[in-house]
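The values are calculated or read from the model by the stated rules, or taken from the named source; none is laboratory data. Computed from a predicted structure; not experimentally measured. Cβ placement follows ideal geometry from the backbone for every residue including glycine, while neighbour counts extend to all protein chains displayed.
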């Protein structure tokens, strides 16, 4: 239990906002016939621009065989293209198709849709107060000197 009321309030905000965001995102993914692993793979490919099967498997924490099987489904859905790696003809390069990019963009919009609903409930004064507070948090967070490390 958190004893600092400021930290407790931040934790409540994070919990409710993440719940709203992820609920909409998961609903969109299910409606699109995609698992969270598929979505994770699409985001990774998008971030990297292109990647190999082994690299993607390592990123997702699965074997190359499992990664390859998952990618086959994404190829069938026309979300990715799998081509020969020009540097190593035995390897494959994976890139997003225009449809794959569109699916990611729609997923992000679905995840953020609740913000539109929230915005409609706020007065101009509340919006201004929240924007000032968030700009302070954004600035302070960017200036933290601690590296981001996964919790053990």
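Take the conditions (1) touching a helix residue (DSSP H, G or I) at 6+ places or on another chain (Cβ under 9 Å); (2) within 30 Å of residue 133 (Cβ to Cβ); (3) surrounded by fewer than 15 Cβ atoms within 10 Å (Cβ to Cβ); residue 28 misses just one of them, which is (3).
Can you find a residue in segment 43-50 that is more than 18 Å from residue 111 (Cβ to Cβ), in contact with a strand residue (DSSP E or B) (Cβ under 6 Å, 6 or more places away or on another chain), touching a residue at least 40 places away in the same chain (Cβ under 8 Å) and assigned to a loop (DSSP other than H, G, I, E, B)? Taking every residue of segment 43-50 in turn, at least one turns out to be more than 18 Å from residue 111 (Cβ to Cβ), in contact with a strand residue (DSSP E or B) (Cβ under 6 Å, 6 or more places away or on another chain), touching a residue at least 40 places away in the same chain (Cβ under 8 Å) and assigned to a loop (DSSP other than H, G, I, E, B). In the set 115, 134, only one residue is at pLDDT 90 or above, surrounded by 10 or more Cβ atoms within 10 Å (Cβ to Cβ) and over 20 Å from the mean Cα position of the chain (by Cα); that residue is 134. When segment 56-67 is filtered for residues that are surrounded by fewer than 18 Cβ atoms within 10 Å (Cβ to Cβ) and assigned to a helix (DSSP H, G or I), the ones remaining, listed by number, are 58, 59, 60, 64, 65, 66. For segment 70-82, the count of residues that are over 24 Å from residue 108 (Cβ atoms), at pLDDT 90 or above and in a helix (DSSP H, G or I) is at least one. Taking segment 87-112 as the search range and keeping residues that are in contact with a strand residue (DSSP E or B) (Cβ under 8 Å, 6 or more places away or on another chain) and not in a helix (DSSP H, G or I), which one is farthest from residue 51 (Cα to Cα)? Out of the qualifying residues, it is 97.
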